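The structure appears right after this line, and notes come after that.
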Amino acid sequence: MDYEFPLGLAALAGIIPLTIVYLLKPRPKQIILPSLMFVQRISQNVLASRRKITKKITDPLFFLQLLALILLSIAIAGPLLDSISGNSEKVVVIIDSSASMSVPDRINTSRSMAIESLGEENTVIAAESIPVVLAKAVDADNAKELIRNMEARSTSADVPKSILTVVNDEENQNAKIVVISDFENWAGRAPETYIKIANAKNMQLEFRQVGKPAVNYAIVNGYLKDRNDGTYEYTCTVKNFGNESVKLDVQLESKSGLFSPQKVNNSMSLDGFGAQQIKFFSIPQGTSTVEILNKDAVPCDNIAYISIPEITPKKMLILTDLDPAASKSPLITALSLMPDIDVDVQYKLPDDLEKYDVVVIDCEYEPLSSSTVRKIVAYAKSGKDLIVIGNGCLYNSSEMHGLYPVLPVDIISIKEDDSHTIETSGSGKHIFEEISFDEVYMSKYLVAVSRENTSVLAELEGVGPVVCAWNIKNGTTSYVGLSDTVENEAWNNFPTIPTYPVFWVKLLKYMWGIDDISETNVNTGRYQAFDQSTRIKTPTETISSKFVYYDECGIYNLNQKTVAANLYDSAESNTFTEKRLNLAGENAEIQKEDLQTRSPDKLRKYLIYALLLLLVIENVIMFRRKII
Amino acid sequence: MAGAKHMIDTSFLTQLDRYALPLRNRVMAVHSGSHISTKKGSGLDLVDHRKYNPGDSLKKIDWNLYARTEKLYIRRFEEDKNLNMVILLDASSSMLFPDNSPNKFEYASTIALGVSYIVMRYNDQYMISTFADDVDYTKARKGREEFLRTIDNLSSISVNGKTKLADCADSIYSRIKSKSMVLIISDFLDNLDSIRHAVHRLSGHELVLVHLYDETEISLPETVDGTVKFIDSETNEEFNMSVGPEFKKEYAAEYEKHMAELDKIAYDFKIPYFSININNRPIDAVLTIIGER
């Protein structure tokens, strides 16, 4: 018999001193009795063998204590007994469906192993970045069919999480859990821990390893950097997960509805287990791929998909009191620099206002006429985008007050004070992450209060919002309380800081619903839910669902958005590792043995009950003898 | 216990003044006394005559009858004889139980003296002999002075050895010349065959068995529990036993069985048998024995 803690049996050594104590100690009470003849007569009725023992030790307390000691030592040692029958009726098969399992021999072997393990009632779980329950409590035939159709996905796998999910499910009590994986990417505790957890919950856990080392090349750690000129810089690392040098051909291909396709080819030599970082500048809007053309074990990590949102050219009207011919305000300069925007700076409102996608009002001294204000308000209310700059004119001029109904803030007053700093808030923290608001000094500003249902993106500490937006129909009206007045009458130094143009790029992208690049370039294994059922075009099929689980590398089209999903997981791509969980050889036998002889706790429980009973009996005896 | 002074209660003796010892059978004794004898001899009441045989005392010839009949006849009278009381007192080690006073020997001595006192008051003879492995004979005594000496002897007597009733009966049988009243006071913790033999041997006399016991001998106290080393008070033999309620029941049953056997022996020989708890008052025991209770 095996024990959880064999050293616990050392407590049995206590039998020796116990016996010696009882043998040496003159424990029997001496009673001088004239009628010993009757005692002798009684003793003749006792079996001869028992008489022999009792001549040495006769006290039942000794036998009770001896038994208690034996039970105690066995309880400490914890005998591992089969608490689950050999052929479990309930079987939960967890199959690693990560990218590394797409090495041809691995998934086939796992399918065979899984089918071999099936019992009467089977649950099949694909261990991806989240556990995906493919079937619950199905018979062996259904489970077989399901397993035969299983494919490796392009995600990383969290096998420990899947195990814990199964173990924590009360319905799986007394089940046999079979985990089949290549154990390339194990981000959990030692497997023995999970065996113990499973055993504690009366389940049997068995690990089965598949796969041999296979050479693989992969694109890992890819990321995009906004160049703020409408293009992005793409950086990634190409790695050789093999022990031999290799020459790899890498190709960049860009496709866009706005530009003609581009193709760039590159070659690189990598040593065994070598890696090289590559950069592609000016990745245009649209989708692009970076591909290793060499064949290898895992195909999904050979292509990096890039999705840069395509921004259609927009027409912008800037209504200002400055003579456009005379000088350009920092605002006009910043907005004019933006790609894909046609900026029209006007002193008076043009007749064909509807052709503009966005209107910016930047009047410092001269207010707009009342009729212009009415038209602008009507324009905003029609669902067009409007940006109003918080200059003095906005507060001082009664005509300009006509804009207030469409503004996301109520203007209260003008204040001169230099003790306030700008802080981003809400989603502004993310949008204006790169903007150096800490360098901005405000000397004069409009005191404003945000209205209901507005998004305050930045605020003047202790005063009120300075960047605030709200939606009117399909359009967005933004209030920017950062005057761009320069020189002696400047209200602040914001227009002079280098990130001022970036602020406007970020704000306009926010207003136009252009997501951050990280939203359109995701890693596989991500789960995203929607408020309503959405039509989703995955790399292989088109579905309607309230959620999307990115389990394939490629381009996803959803919500008029194009999302690129990539593996980018060097642990998953490394199919040549020798440092997998060591479940082979001698350890495998130990594992197997461990798996068959489990819980010490069941027997231990009964041993402790018996021990307590003995203690009670012993106490009763001692009480009767008036020892206690 | 040898050499130790035994505590013998004599305070109750005067209460026995108004009691006499009745005898079922006619006594046969060489001393004359107030009890009716089975013998004819030198008493005052004429019983009958018989023919003179040569060698008969001339004093006994009835000369008046010779004058009338011219034949020699001898006069025979009813002879008055004294009671001869033999008390056999068990002085084996087992009689020293229990440890506290009075133990069985002290109690036995007390009631032996009580009986002897009654005998002494009627100027009868009594003899108290102790026995264990062997019999310690004393000569037959008579009178108040002798009685005091008897008390002194009993209080200093050595109590030890093993009860061997059969051997003792064989030994004393030849010593009792006339038919006597024999009182055996003992705990009778001896082989039943030995007891039966002794009773058989002495059954020619007016035999009375007085069995003494202490309550704790029958019902072992509660403190006697667990592993107990029993030591025989007579042989010093040791015996380890695990004592529990079951054992105590068995033990008590064995003891009672022994007492029942004693009773049966007495019944078989048609002799009185008294089983007396030493916690009873000695006077009550004495009165029970002499048939007043």
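The values are calculated or read from the model by the stated rules, or taken from the named source; none is laboratory data. Quantities reported herein were computed from a predicted structural model and do not represent experimental measurements. Here the Cβ is made from the backbone with ideal geometry for all residues, glycine too, and neighbour counts use every protein chain on show.
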Inset, instruction - Collect the residues in segment B:46-76 that are modelled with pLDDT of 85 or more and among the β-branched types (Val, Ile, Thr), keeping them in residue-number order. - result: B:ILE61, B:THR69, B:ILE74
Legend entry - Unmet requirement for A:ASN202, which otherwise passes all of (1) touching a residue at least 60 places away in the same chain (Cβ under 8 Å); (2) under 28 Å from the mean Cα position of the chain (by Cα); (3) closer than 30 Å to A:ALA175 by Cβ: (2)
Legend entry - Residue satisfying condition, being buried (at least 17 other Cβ atoms within 10 Å of the Cβ) and out of contact with any strand residue (DSSP E or B) (no Cβ under 6 Å at 6 or more places or on another chain), within set B:ILE128, B:ILE87, B:ILE118: B:ILE118
Legend entry - Residues being in contact with a Phe, Trp or Tyr (Cβ under 8 Å, 6 or more places away or on another chain), in contact (Cβ under 8 Å) with a residue 24 or more places away in the chain and farther than 21 Å from A:GLY222 by Cα - total across segment A:508-546: 1
Legend entry - Selection from segment B:131-147 of residues that are assigned to a loop (DSSP other than H, G, I, E, B) and buried (at least 16 other Cβ atoms within 10 Å of the Cβ): B:ALA132, B:THR138, B:ALA140, B:LYS142
Legend entry - strands (runs of 3 or more DSSP E) enclosed by segment A:160-259 - at least 1 residues per element that are of a type in the set (Ser, Thr, Tyr): A:176-181, A:216-226, A:232-241, A:246-255
Inset, instruction - With respect to A:LEU482, determine if the residue is among the hydrophobic types (A, V, I, L, M, F, W, C), under 15 Å from A:LYS506 (Cβ atoms) and assigned to a loop (DSSP other than H, G, I, E, B). - result: yes
Legend entry - Out of B:VAL228, B:VAL208, B:VAL286, B:VAL243, sole residue that is in contact with a strand residue (DSSP E or B) (Cβ under 8 Å, 6 or more places away or on another chain), more than 20 Å from B:ASN100 (Cα to Cα) and away from chain A (no Cβ under 13 Å): B:VAL208
Legend entry - Sole residue being of a type in the set (Gly, Ala, Ser), more than 30 Å from B:ASP124 (Cβ to Cβ) and within 13 Å of another protein chain (Cβ to nearest Cβ), chosen from B:SER186, B:SER219: B:SER219
Inset, instruction - May I ask you to verify whether B:GLU234 is surrounded by fewer than 21 Cβ atoms within 10 Å (Cβ to Cβ) and either at pLDDT below 85 or within 14 Å of chain A (Cβ to nearest Cβ) (or both)? - result: no
Legend entry - Residue match in segment B:148-155 (condition: under 30 Å from B:ASN279 (Cβ atoms), among the charged types (D, E, K, R) and in a helix (DSSP H, G or I)): yes
Inset, instruction - Report yes if A:VAL215 is over 28 Å from A:LEU508 (Cβ atoms) and in contact (Cβ under 8 Å) with a residue 60 or more places away in the chain, otherwise no. - result: yes
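Matching residues to (1) surrounded by fewer than 14 Cβ atoms within 10 Å (Cβ to Cβ); (2) among the acidic types (Asp, Glu); (3) out of contact with any Gly (no Cβ under 7 Å at 6 or more places or on another chain):
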{"position": "A:GLU206", "(1), (2), (3)": "no, yes, yes"}
{"position": "A:VAL220", "(1), (2), (3)": "no, no, yes"}
{"position": "A:THR237", "(1), (2), (3)": "no, no, yes"}
{"position": "A:GLU244", "(1), (2), (3)": "yes, yes, no"}
{"position": "A:GLN251", "(1), (2), (3)": "no, no, yes"}
{"position": "A:SER269", "(1), (2), (3)": "yes, no, yes"}
Legend entry - Residue check, B:VAL224 within 30 Å of A:ARG624 (Cβ to Cβ), free of Cβ contacts under 8 Å to residues at least 60 places away in the same chain and surrounded by fewer than 22 Cβ atoms within 10 Å (Cβ to Cβ): yes
Inset, instruction - Please indicate, with yes or no, whether at least one residue in segment A:261-268 is touching a residue at least 40 places away in the same chain (Cβ under 8 Å) and touching a Lys or Arg at 6+ places or on another chain (Cβ under 9 Å). - result: no
Inset, instruction - Could you list, in sequence order, all residues of segment B:87-98 that are outside any helix (DSSP H, G or I) and either facing chain A (nearest Cβ under 8 Å) or of a type in the set (S, T, N, Q) (or both)? - result: B:SER92, B:PHE97
Inset, instruction - List the helices (runs of 4 or more DSSP H) that sit entirely inside segment A:555-628 and contain at least 2 residues that are farther than 30 Å from A:SER307 by Cα, at pLDDT 65 or above and under 33 Å from the mean Cα position of the chain (by Cα). - result: none
Inset, instruction - Any residue in segment A:409-423 that's under 10 Å from A:ASP438 (Cα atoms) and not assigned by TED's automatic domain parsing to the domain that holds A:ILE435: show its pairings with residues that are aliphatic (A, V, I, L, M) and in a loop (DSSP other than H, G, I, E, B) at Cβ separation under 8 Å, as long as the two are six or more apart or on different chains. - result: none
Inset, instruction - Check segment B:177-186 and report whether any residue there is surrounded by fewer than 15 Cβ atoms within 10 Å (Cβ to Cβ), under 16 Å from the mean Cα position of the chain (by Cα) and not acidic (Asp, Glu). - result: yes
Inset, instruction - Would you confirm whether any residue within segment A:280-297 is over 44 Å from the mean Cα position of the chain (by Cα) and part of a loop (DSSP other than H, G, I, E, B)? - result: no
Legend entry - All strands (runs of 3 or more DSSP E) inside segment A:327-423 with 3 or more residues being over 45 Å from the mean Cα position of the chain (by Cα) and not hydroxyl-bearing (Ser, Thr, Tyr): A:341-346, A:409-416
Inset, instruction - Could you please find all residues in segment A:333-357 being surrounded by 13 or more Cβ atoms within 10 Å (Cβ to Cβ), of a type outside the set (D, E, K, R) and under 22 Å from A:LYS375 (Cα atoms)? - result: A:VAL343, A:VAL345, A:GLN346, A:TYR347, A:LEU349, A:LEU353, A:TYR356
Inset, instruction - Tell me which of these A:GLU170 doesn't satisfy, since it passes every other one: (1) free of Cβ contacts under 8 Å to residues at least 40 places away in the same chain; (2) under 18 Å from A:ALA135 (Cβ atoms). - result: (2)
Legend entry - Residues satisfying the stated conditions in segment B:261-283, i.e. within 13 Å of chain A (Cβ to nearest Cβ) and surrounded by fewer than 15 Cβ atoms within 10 Å (Cβ to Cβ): B:GLU261
